[in-house]
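**Q** One structure, as structure tokens, below. Some questions next.
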Amino acid sequence: MRILSGIQPSGSLHLGNYFGMMKKMIDYQENEDLFCFIANYHAMTSLLDGKSLARGTIEAAANFLALGLDPEKSTFWVQSDLPEVQELTWFLSNFTPMGLLERCHSYKDKVARGIAANHGLFAYPVLMTADILMFQSEKVPVGKDQKQHLEVARDIAIKVNNTHGGLFTVPEPEIDEEVATVPGLDGQKMSKSYGNTIDLFLEEKALRKQVMRIVTDPTPVEDPKDPDKCNVFQIYRLFLDKERENAMRQRYLAGGLGYGEVKQELFETVRDFFAPYAERRRELLADPDGIRAILARGAEKARYTANKTMRKVRKKAGLAY
Ligand code: ADP
Ligand code: TRP
């Protein structure tokens, strides 16, 4: 099955990004036809400093590769290395009702938070649709926050297909309910923009500080505690198999467990889990040209598939005359 997803190269990575999206993608490379890219055009809606974007792109590639993405088993590239996606965006724009974009929560939320309502932000879901349709993607794993954008992509695909029969595969979202929303330090969705993250590649001291900031209630140590209402547990369980999760549950219910103690355990678990990946990431970042070479080969592979779609689009649209 053709599976595609992208991640923006803006800032550091947190557990929500890892469990909500990256881990799933990396697991797919073994048995599926995986397309994975760095959405640097999308990042421009919040980052206009060129140097930071370029640096962020290399780092995002290093992150994915360090966490296990294998460019031989998948197609891995940077969005802007295939500017064809902008041509497809324009084609799709002509099938996109204004109302469809006006209804997007992500856009409305950003504007409500005071981000300038420019055309890039507004048209963002159309570009995302182009990413998906360009590669005839069947399944798109994303976090819950991107669900509506997938509905937009489906609507647009269906609309185009009504005019130009069967031009695009209509994509299905894949949202894993177990980890649909990884909670942050305060129990809200973990997100860079809420400042409530636990980051993947931090120095030990900074990581410990983040974990210790997880909000807990004032239940005394000796009292039984409800794991399902505890932010520490909700994050910890992402690292535990069913058996260890149950054992931890019992410790909560038995009483005598202090939040400081579980936080310390969680901190050590996160640190040890990501330590080997952090090492690999350092090695990759020491050779940015090596990363660029991997991305260039990835873009070539991606272009082969993109060209097949674009030839059809140009023909149908009358751009090939
Ligand atoms: P942020 O909210 O921190 O800005 P992004 O929007 O860059 O994160 O998200 C990148 C990817 O990670 C997306 O696929 C998104 O759905 C997923 N993701 C981000 N935060 C979470 C979360 N808390 N739980 C599950 N998935 C998440
Ligand atoms: N908008 C997505 C995000 O912020 C990133 C993205 C861009 C994407 N194009 C995509 C995800 C296509 C899936 C498919 O997380």
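**Q** Give me the one-decimal nm value for the distance between modelled label points at Tyr304 and Ser93, 7 Å along each residue's Cα-to-Cβ direction.
**A** 3.2
**Q** Using a 1.4 angstrom probe on the protein heavy atoms only, line up Tyr259, Tyr252 by accessible area, largest first.
**A** Descending accessible area places them as Tyr259, Tyr252.
**Q** Could you compute the FRET efficiency for Glu102 and Asn162, with r as their C-beta to C-beta distance and R0 at 25 Å, rounded to 0.05?
**A** E(calc), rounded to 0.05, equals 0.70.
**Q** When the Kirkwood hydrodynamic radius is evaluated over all pairs of different C-alpha atoms of region 201-282, what value in angstrom, to one decimal, is obtained?
**A** The Cα-based Kirkwood calculation yields 13.4 Å.
**Q** Per residue, how big is the convex hull around the C-alpha atoms of region 82-194? Give it to me in cubic angstrom, could you?
**A** Hull volume normalised by residue count: 117 Å³.
**Q** So for the pair Ser12, Thr219, with labels modelled 7 Å out along Cα→Cβ, what separation do we get in nm?
**A** 3.0
**Q** The chain: Rg/Rh from Cα coordinates, Kirkwood Rh? Numbers along the way, then the final one.
**A** Working: Rg = 21.3 Å, Rh = 21.2 Å.
A ratio of 1.01.
**Q** If ligands, DNA and RNA are left out, what is the accessible area of Ser46 with a 1.4 Å probe, given in Å² to the nearest 10?
**A** 90
**Q** Here's something else I'd like to know. Based on C-alpha coordinates, I'd like the Rg and Dmax of region 1-103, in Å.
**A** Rg and Dmax of region 1-103, Cα atoms, are 14.9, 41 Å.
**Q** Treating cross-link reach as a plain straight distance, find the aspartates and glutamates whose alpha-carbon is under 15 Å from the alpha-carbon of Lys159, omitting any fewer than eight places away in the same chain.
**A** Glu151
**Q** Moving to a separate point now. With a cap of 10 neighbouring Cβ atoms within 10 Å, and only residues DSSP puts in a loop, list the trypsin sites (Lys or Arg not before Pro) found in region 86-170.
**A** Values: sites: Arg103, Lys108, Lys110, Arg113, Lys139, Lys144, Lys147, Arg154, Lys159; in loops: Arg103, Arg113.
In loop regions of region 86-170 (DSSP not H, G, I, E or B), the sparsely surrounded trypsin sites (Lys or Arg not before Pro) are Arg113.
**Q** Order of 211-224, 288-301, 5-18, 230-243 by packing, highest average Cβ count within 10 Å first? Could the numbers behind the result be given before it?
**A** Working: 211-224: 13.4, 288-301: 15.6, 5-18: 21.5, 230-243: 17.6.
With the highest mean Cβ count within 10 Å placed first, the list reads 5-18, 230-243, 288-301, 211-224.
**Q** Roughly what % antiparallel, to the nearest 5, for the DSSP beta bridges in the chain? Don't skip to the answer; put the middle values down first.
**A** On the way: 2 of 16 bridges.
Taking every DSSP beta bridge within the chain, about 10 percent pair in antiparallel fashion.
**Q** What FRET efficiency do you get for Asp272 and Tyr321 if R0 is 51 Å and r is their Cβ-Cβ distance, rounded to the nearest 0.05?
**A** 0.25
**Q** Lys pairs in region 201-282, Cα-Cα under 21 Å, at least 8 apart or on separate chains: how many? Provide the component values of the computation, followed by the final result.
**A** Working: Lys205/Lys263; Lys209/Lys263; Lys225/Lys242; Lys225/Lys263; Lys229/Lys242; Lys229/Lys263; Lys242/Lys263.
Going through region 201-282 pair by pair, I get 7.
**Q** Follow-up. Which entries in Lys110/Lys312; Lys139/Lys308; Lys108/Lys147 show an alpha-carbon gap greater than 24 Å?
**A** Among Lys110/Lys312; Lys139/Lys308; Lys108/Lys147, the Cα-Cα distance tops 24 Å for Lys110/Lys312.
**Q** Suppose only helical runs count, i.e. DSSP H with n ≥ 4. What mean residue ellipticity at 222 nm does that imply for the chain under -39500 (n - 2.57) per run, divided by all residues and rounded to the nearest 500 deg cm²/dmol?
**A** -16500 deg cm²/dmol
**Q** Dimensions of region 139-196 along principal axes (Cα, Å, largest first)?
**A** On the principal axes, region 139-196 reaches 48, 21, 10 Å in Cα extent.
**Q** Could you pull out every residue, at least 5 positions away or on a different chain, whose amide H is within less than 5 Å of the one on Lys189? Hs are placed 1.01 Å off N in the peptide plane, and Pro or chain starts have none.
**A** Here the answer is Gly184, since their amide H atoms fall under 5 Å of that of Lys189.
The values are calculated or read from the model by the stated rules, or taken from the named source; none is laboratory data. These numbers were taken from a predicted model, which means no experiment stands behind them. For neighbour counting, all protein chains shown are included, and Cβ atoms are generated from backbone atoms with ideal geometry for every residue, glycine included. We work out accessible area using only protein heavy atoms, side chains counted, and drop any ligands, DNA or RNA first. Shrake-Rupley method; radii C 1.70, N 1.55, O 1.52, S 1.80 Å.
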